[in-house]
Amino acid sequence: MKKTCLKCGHANESATGDPAEACPSCGAIYSRVEAAWSATPRPATANNVRTFSPERDELVEAFAERLRGESLYPVFRSLVGVIYVVWMVLAALAVLAGVVAAWKSSGAAAFGSLLLGVFLGVFFAVIAKVTREVSLMLADLSDAAVHIAARVRA
Ligand SMILES: [Zn+2]
């Protein structure tokens, strides 16, 4: 039978198939090299690399939702929601104030008011989104940490 050595690549045309048979080129025992070969982790290939399929994403999303539903910090989380709304209202008011001020004035002043209003609006909206994401991330981290700790002690 034909046996190709996994260590040196030598093709042995007259291999017997014996478990203790060694490669005539490098002396490696075929069965040992094969065992070592299957035990070592392969470099990532298209087949064995872990991909995030849509189903997996949904699973993660569902887990996050469940985690948030069972949160240890429900008051904090609802407070985050309220603060987010407040910032967004401020953003809307800033844009509105800019538009109204622009309406009442003329020329460069009108343009400046509009620009300032839009700038403040975007600024408040960004603050709203960033503070909400950071706050929720902190709550998620704390919840996840407690879950992990509980699982380790169980
Ligand atoms: Zn060999």
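Laboratory data are not the source of any read-out in this text; all were calculated from the coordinates shown. All of these numbers come straight from a predicted model, not from anything done at the bench. Here Cβ is always computed from backbone atoms with ideal geometry, including for glycine, and neighbour counts include all displayed protein chains.
Between a residue in the stretch 13-36 that is β-branched (Val, Ile, Thr) and any residue that is within 14 Å of the ligand (Cβ to nearest atom), which pairs come within a Cβ distance under 6 Å, given they are 6 or more apart or on different chains?
Correct list of pairs: ILE29/ALA22; VAL33/LEU6; VAL33/LYS7.
Across the stretch 2-22, what is the number of residues that are assigned to a loop (DSSP other than H, G, I, E, B) and under 14 Å from ARG32 (Cβ atoms)? Before the answer, list the steps.
Quick first cut of the stretch 2-22, residues assigned to a loop (DSSP other than H, G, I, E, B) only: 2, 5-10, 13-21.
Those left that are additionally under 14 Å from ARG32 (Cβ atoms): 5-8, 18-21.
Going through the stretch 2-22 one residue at a time, the tally reaches 8.
Would you point out the residue of the stretch 23-38, among those that are within 11 Å of the ligand (Cβ to nearest atom) and not in a loop (DSSP other than H, G, I, E, B), that is nearest to LYS3 (Cα to Cα)? Working first, answer last.
Quick first cut of the stretch 23-38, residues within 11 Å of the ligand (Cβ to nearest atom) only: 23-30, 33.
Next cut, not in a loop (DSSP other than H, G, I, E, B) only: 29-30, 33.
Working: ILE29: 12, TYR30: 9, VAL33: 12 Å.
Top of the filtered list is TYR30.
Considering only residues that are hydrophobic (A, V, I, L, M, F, W, C) and more than 8 Å from the ligand (Cβ to nearest atom), look in the stretch 7-21 and name the one that is farthest from the chain's Cα centre (by Cα). Break it down into steps so the answer makes sense when it comes.
Taking the stretch 7-21 and keeping what is hydrophobic (A, V, I, L, M, F, W, C), we get 8, 11, 15, 20.
The next check asks that each one be more than 8 Å from the ligand (Cβ to nearest atom); those that pass are 11, 15, 20.
Details: ALA11: 46, ALA15: 50, ALA20: 48 Å.
My answer is ALA15.
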